Amino acid sequence: MAAICCLLCVTPQFSFAQDDIATTLQLALDNRTSSPDKTRTLLNSIDVKQLTPEQNELFKFLMAFSILMEGNTQDAIQKLNQVADTSKSIKIKARAQNALLSIYSNLHDWNNAIDIVNSLKDTITKLEPDELKQNVQVSLLSFYNNIEEFNLAIELADKILNITNNPRTKCSVLEKQLYAFKELKSDLITENNFFDAIALCAKINEKILELAITTNLADFYIEKKRYGHAIQLLNDHLSDAKNLSYKSLTAYYLGRLVVAYLGDDKNTLAEKHAIDILENYSSDNYYLPNMIAYQALSEISSERGEYKESLIFYKQFKELEKRDYDQTVAAKVALQKAKFEKSNEMKLLNQQNKLLSTQAELAAANDRNKNLLLLVATILLAIALFWIYKNRQTHKQLRKIAETDALTGIFNRNHFTQCAEASLAYCQKTQQDVSFIVFDLDYFKRVNDNYGHLVGDWALIQATKAVKQVCRANDIIGRMGGEEFAILLPNCAKDKAIEIAEVCRKQIAAIDTSESGHTFNLTASFGVSHSNQADYNLDKLFACADSALYQSKDSGRNRVYSFQQSQPIADTFPSSLINNNPA
């Protein structure tokens, strides 16, 4: 009797605990995307020992999803796969596969994504036509967007919207459908479509989806070059975006802000947010925002004349751009592979049926398969050869960028130094004369201050062209920085170098500056040194020529001085050399 009384006392208490746990799990499930922090708090309040087997499976799924929302993607993948593989509940299995499809698609892991799609197609046939089944269809919708099958995405979205009354499902579907329309640059949507979707998501407190649609609307504005609208929209929700626990969306949101500021010529603000992305969102999960940040910083540095920094950022941008392109190609290859494998499965079944009637047909089928495999091998070889070619072209382009001055097209300081050192070593070995010329444009800062940097850039380009016309084919020309240039002249006596420098000086002085839209005097001062004075040492050659250059400037500019010479060369040189190329 005592035992029965005890059971009567305990059973209602256990039932109450189960009801409480079920309610808590349902609340966590309902809030997993709209309030991730609330979901984690609810899960932490549950005593795992009191869970039934099915509740335990749901708890494990929600914990994995919570880890995903915190940004720990790889841990989430491992735990979600465990749930998908071991769960006896078809609904929980579907939820886990659904989440995995979204993750693999966002990570561009197309082989795993397609495997999950195939599993989901089997799972979805066992689901009742309810909200969960619609959520799985929403995931397939996301997958279509990720593999750029936008027309299929729009078509599936219409089907879901026609049958669902669930506001949360409608919010999610509209976000993905508007993204597909935007990517197709469709005229079927206006900004009002975005505003309506944002209002729906805000009403049900789906903050992540609301901000995702806001980001798509900003892209819509940017595509139409309405940068001010994009900036205002993004800044209105910036604090919400930064407070998100879903860091991937936050990073992408900031990337759109960088693009908008850059388009609106607000480089300082674009730079600020680009640096924010690189400092706070630098992992592989955020490589697309990182790509945007590096490209922006490269352009901003170039406009400021910080070409070395610009090149560093540009190289990092190109690495991520190549990765993005590779992943796009990988998606297409994985999709085609899946279609090919499916086609092969159907052919195999047909061949098995035909095997009962004739061996001849089987032989023919084998021949066809061999030809098909040969065709696939040929296509793969062609793709491999194409990539080898593209990689070599990219390498050549990057090498040119790394070695030349972006404005004038001649060697930059680093590459000039490398070539000059190599040439000096050869000339010393063969006992050839080497001369060295340093020159810079006179009062160049006044040109920039009075007429602007565009005119200053024009002057640098024209002066470079004038000097290249005078120099010989084997002379090495480089821009040392700003308005300063250097020329190494192998197998060139000192008198010949002085002659070349004088002709260069007169050619620069003869430039018609009116073509720039302004009229001003453009002249240059030159300094010349020789290997007899510097023992084939580049630093000494430079120092001697630089000393002569300063002597030229101190004597009134627009002159040529050689090292240790007391009179300007222009006083003694014949004017007939102006139009002669001494090479």
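The values are calculated or read from the model by the stated rules, or taken from the named source; none is laboratory data. Since the structure is predicted, the reported quantities are computational estimates derived from the model, not experimental observations. When we count neighbours, we look across all protein chains shown, and the Cβ atoms used for this are built from the backbone with ideal geometry, even at glycine. Side chains are part of the model used for accessible areas, which takes the heavy atoms of the whole protein and leaves out ligands, DNA and RNA. Shrake-Rupley method; radii C 1.70, N 1.55, O 1.52, S 1.80 Å.
Go through Lys126/Lys182; Lys272/Lys540; Lys88/Lys185; Lys266/Lys315; Lys266/Lys445 and tell me which ones have a Cα-Cα distance over 32 Å in this structure. Cα-Cα > 32 Å for Lys126/Lys182; Lys272/Lys540; Lys88/Lys185; rest within.
Using 0.36 nm times the number of residues separating Asn243 and Asn371, minus their current alpha carbon distance, what extension gain do you get?
On the way: separation 128, 0.36 × 128 = 46.08 nm, distance 5.69 nm.
In short, 40.4 nm is gained.
Would you mind getting the accessible area per residue of the range 163-291, heavy atoms of the protein chains only, 1.4 Å probe, in Å²? Display every interim value, and only then the final one.
On the way: 5870 Å² over 129 residues.
Per-residue value: 45 Å².
Which percent of the accessible heavy-atom area of the range 33-93 goes to carbon and sulfur, probe 1.4 angstrom?
Carbon and sulfur together cover 49 percent of it.
Projecting label points 7 angstrom from Cα along Cα→Cβ for Asp535 and His518 puts them 4.6 nm apart.
Here is the P(r) of the range 157-259: all C-alpha pair distances, binned every 5 Å from 0, give 2, 13, 25, 25, 21, 10, 5, 1 in whole percents.
When only C-alpha pairs under 8 Å and at least 6 residues apart count, what is the relative contact order of the range 461-505, in percent? Intermediate results must be reported in sequence, preceding the final value.
Numbers: 27 pairs, mean separation 15.6, N = 45.
Relative contact order comes out at 35 percent.
Label zone of Lys224 (point 7 Å out along Cα→Cβ, amide N under 20 Å): in the range 170-197 this covers 174-197. Stretching the chain fully between Asn491 and Thr52 yields a gain of 149.0 nm (0.36 nm per residue, less the alpha carbon separation).
What is the sum of charges, Lys and Arg at +1 and Asp and Glu at -1, for the other residues whose Cβ falls under 14 Å from the Cβ of Asp535? List each step's numbers first, then the result.
Numbers: positive: Lys429, Lys540; negative: Glu421, Asp433, Asp539.
Local charge sum for Asp535: -1.
Can you give the FRET efficiency for Asp457 and Asn414, using 1/(1 + (r/R0)^6), R0 = 30 Å, r = Cβ-Cβ distance, to the nearest 0.05?
Details: r = 21 Å, r/R0 = 0.69.
Once rounded, the FRET efficiency stands at 0.90.
FRET efficiency for the Asn162 to Glu70 pair, using the beta carbon distance and R₀ = 41 Å, is estimated at 0.70. Model label sites at Ser89 and Lys322, defined 7 Å from Cα along the beta-carbon direction, differ in position by 4.8 nm.
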